[in-house]
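The values are calculated or read from the model by the stated rules, or taken from the named source; none is laboratory data. Since this is a predicted model, take the numbers as computed values, not measurements. Every residue, glycine as well, gets a Cβ built from its backbone with ideal geometry; the counts of neighbours run over all protein chains shown.
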Amino acid sequence: MTLKAHGFEPITLTIDQEAGELFFTIADDQKIKTFDQGGGTQTVEIRTNIDTYEVISSETWCGISDKTTSGFKITLGANDGFRRSASLTVTAPGMPSVNVEVSQSGNPLLSNTTFTTGLNNSTTIGTEGNVRTQQLDAGRPVR
């Protein structure tokens, strides 16, 4: 800051202020982010006076961007598979790390399930997905 007065030489004052105590917090309601199957973008809000922090995702499909001192964005594409999850580790110098859990809906484990009753107490159970089709005769698998 420079002080000027008529008839006097300007005086330059330098003001130094010590930094306050460092802080970095993420509220509990920001530590779990849930996305639908179509994906999208959500913001994780943070409170900090630290300029630099790092966010590391456990999964490549979970994108991180726009890091500021008020938060960062998580972006997911559409999920064509089953439900999935990722863990984000947020670290700032001199602060304990914070985990943010991300989950995204996916295709159901079972779809188009059919149950048909045949003759002689035999039942066919058919599914599409990750379960095999099996024919039962009076409650016992047919081999």
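Please go through the range 61-76 and give me each residue that is surrounded by 13 or more Cβ atoms within 10 Å (Cβ to Cβ) and modelled with pLDDT of 95 or more, ordered by number.
Trp61, Cys62, Gly63, Ile64, Lys67, Gly71, Phe72, Lys73, Ile74, Thr75, Leu76
Filter the range 91-105 for residues that are without any contact (Cβ under 8 Å) to a residue 60 or more places away in the chain and either assigned to a strand (DSSP E or B) or in contact with a His (Cβ under 9 Å, 6 or more places away or on another chain) (or both) and give the result.
Matches in the range 91-105: Thr91 only.
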